[in-house]
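**Student:** Got a structure for you, questions after.
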């Protein structure tokens, strides 16, 4: 008897946990519907797969949607100092793409609130019109094994936060032809914690 595709898939036995295959999308509720849709379209260079007066599905790749915006009038504004969602991260192919995105958004008045080299990533955090943060990043290592090794290093134990940078200066250095490997290397600034972080 021929083996079917379903038979060929190895299924977990008993109580063995199965991890998701991928992160599909995030959904944000808002009372600033048009402003939020426009912001995410601009920042992610996304296009609506569907939009009406209640809901908008946005995508920037082959997935039908990566971000959904739900229109819910009369929601209270977020308060500082409460628990909840902190940020979602989007990875770019290389430093050139990240910096081109930074320049495009900067020239439209959208600036990062927190540019930082974490070590494994070079990241720029942005705040959307409702105050949610998104992280635009690149991987600083070509191999995931090297990035993972950094998490177990003494440098990361001493400074698990990272080192802030000036995006305009990084852009200038990139455009002057400085090697990308040098630009992505995290400087050693000693011990740091959350109290040392200052948002713009």
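The values are calculated or read from the model by the stated rules, or taken from the named source; none is laboratory data. All of these numbers come straight from a predicted model, not from anything done at the bench. FYI the Cβ positions are ideal-geometry reconstructions off the backbone, even for glycines, and counts take in every protein chain you see.
Per-residue answers, yes or no, for (1) assigned to a loop (DSSP other than H, G, I, E, B); (2) touching a helix residue (DSSP H, G or I) at 6+ places or on another chain (Cβ under 8 Å):
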{"site": "105", "(1), (2)": "no, yes"}
{"site": "129", "(1), (2)": "yes, yes"}
{"site": "142", "(1), (2)": "yes, no"}
{"site": "149", "(1), (2)": "no, no"}
{"site": "177", "(1), (2)": "yes, no"}
{"site": "191", "(1), (2)": "yes, yes"}
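**Student:** Would you check if residue 110 is assigned by TED's automatic domain parsing to the domain that holds residue 178 and more than 15 Å from the chain's Cα centre (by Cα)? Give the steps one after another, and end with the answer.
**Tutor:** Working: assigned by TED's automatic domain parsing to the domain that holds residue 178: yes; more than 15 Å from the chain's Cα centre (by Cα): yes.
Criteria met by residue 110.
**Student:** Name, by its number, the condition in (1) assigned by TED's automatic domain parsing to the domain that holds residue 184; (2) at pLDDT 95 or above; (3) surrounded by 14 or more Cβ atoms within 10 Å (Cβ to Cβ) that does not hold for residue 120.
**Tutor:** The one condition residue 120 does not meet is (2).
**Student:** For residue 81, all conditions in the list (1) outside the structural domain of residue 184 (by TED's automatic domain parsing); (2) surrounded by fewer than 10 Cβ atoms within 10 Å (Cβ to Cβ); (3) at negative phi hold save one; what is the number of the exception?
**Tutor:** Single failed check for residue 81: (3).
**Student:** Given the conditions (1) in contact with a strand residue (DSSP E or B) (Cβ under 9 Å, 6 or more places away or on another chain); (2) without any contact (Cβ under 8 Å) to a residue 40 or more places away in the chain; (3) closer than 15 Å to residue 184 by Cβ, which single one is not true for residue 127?
**Tutor:** Here residue 127 clears every test but (3).
**Student:** Given the conditions (1) outside the structural domain of residue 30 (by TED's automatic domain parsing); (2) farther than 30 Å from residue 176 by Cα, and given that residue 96 satisfies all but one, which numbered condition is not satisfied?
**Tutor:** (2)
**Student:** Let me ask another. Kindly provide the set of residues from the stretch 151-168 that are in contact with a helix residue (DSSP H, G or I) (Cβ under 7 Å, 6 or more places away or on another chain) and at pLDDT 90 or above, ordered by number.
**Tutor:** Within the stretch 151-168, the first condition is being in contact with a helix residue (DSSP H, G or I) (Cβ under 7 Å, 6 or more places away or on another chain), and the residues that meet it are 156, 161, 167.
Listed by number, the list holds a single entry, 167.
**Student:** Among the residues of the stretch 91-104, is any over 14 Å from the mean Cα position of the chain (by Cα), closer than 15 Å to residue 39 by Cβ and at pLDDT 90 or above?
**Tutor:** Scanning the stretch 91-104 turns up at least one residue that is over 14 Å from the mean Cα position of the chain (by Cα), closer than 15 Å to residue 39 by Cβ and at pLDDT 90 or above.
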